[in-house]
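Report on the structure given below.
Values quoted throughout were computed directly from the atomic coordinates according to the rules given, and no laboratory measurement underlies them. Small disclaimer: the values here were computed from a predicted structure and weren't measured. Don't worry about glycine lacking a Cβ; one is built from the backbone with ideal geometry, like all the others, and counts go over all protein chains shown.
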Amino acid sequence: MNSLTEQLVARIRGLPGVSEGASRFGPKGRAAWFVAGKEFAHLHADDLLDLRLPRALQASLTGDPRARFRKSRSEWLEFEFHSSADVARLAELARSAWAAAGST
């Protein structure tokens, strides 16, 4: 795979029971991923992934410079990615978002 985005997308698609469609959030037509009918991740840009993460996990990420927190209380947290290490970390976080969405 060539781009970091393609690498990240492949890892998200590889999670069990994941379907892909268009996000109802952010720019029209951007790719989103769902499990059990719930959106847990979507792209805002080629280097910006939005994940629906439980608040306890979000709290553990407050020092992460890649994380963009919203001013309002939100389950969604944006992450920039610019390296293979970023993709690996986001793949782990996407798995957490997937697990949380699939368990409710």
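Between SER19 and GLU80, take the C-beta separation as r, use R0 = 22 Å, and let me know the FRET efficiency to the nearest 0.05. With a Förster radius of 22 Å, E is 0.30.
Counting only C-alpha contacts under 8 Å and six or more residues apart, can you give the relative contact order of the chain as a whole percent? Mind showing how you got there, number by number?
Working: 156 pairs, mean separation 28.1, N = 104.
Reported as a whole number, the value is 27 percent.
Among residues other than SER3 with Cβ under 10 Å from its Cβ, the summed charge is -3 (Lys and Arg +1, Asp and Glu -1). Near ARG13, once Lys and Arg are set to +1 and Asp and Glu to -1 for all other residues with Cβ below 13 Å from its Cβ, the sum equals 0. Sequentially through the stretch 45-62, phi angles give Karplus couplings (6.51, -1.76, 1.60; θ = phi - 60°) of 7, 5, 10, 9, 10, 9, 10, 8, 10, x, 4, 4, 5, 4, 4, 6, 9, 4 Hz, Gly and Pro residues having no value and appearing as x.
Once the Cβ-Cβ distance between GLN7 and ARG70 is put in as r, and R0 is 30 Å, what FRET efficiency do you end up with, to the nearest 0.05? Don't skip to the end; give the middle numbers.
Details: r = 26 Å, r/R0 = 0.87.
Once rounded, the FRET efficiency stands at 0.70.
For the chain, what does the helix formula give at 222 nm: sum of -39500 (n - 2.57) over DSSP H segments with n ≥ 4, over the residue count, nearest 500 deg cm²/dmol? Display every interim value, and only then the final one.
Numbers: 3 runs with 35 residues, N = 104.
Helix contribution divided over all residues of the chain: -10500 deg cm²/dmol.
Report the local net charge at ASP47: Lys and Arg +1, Asp and Glu -1, summed over other residues whose C-beta lies under 15 Å from its C-beta. List each step's numbers first, then the result.
Details: positive: ARG30, ARG66, ARG68, ARG89; negative: GLU6, ASP46, ASP50, GLU78, GLU80, ASP86.
Counting the neighbours of ASP47, the net charge comes to -2.
Size descriptors for the chain: radius of gyration and Dmax over Cα atoms are 12.5, 36 Å.
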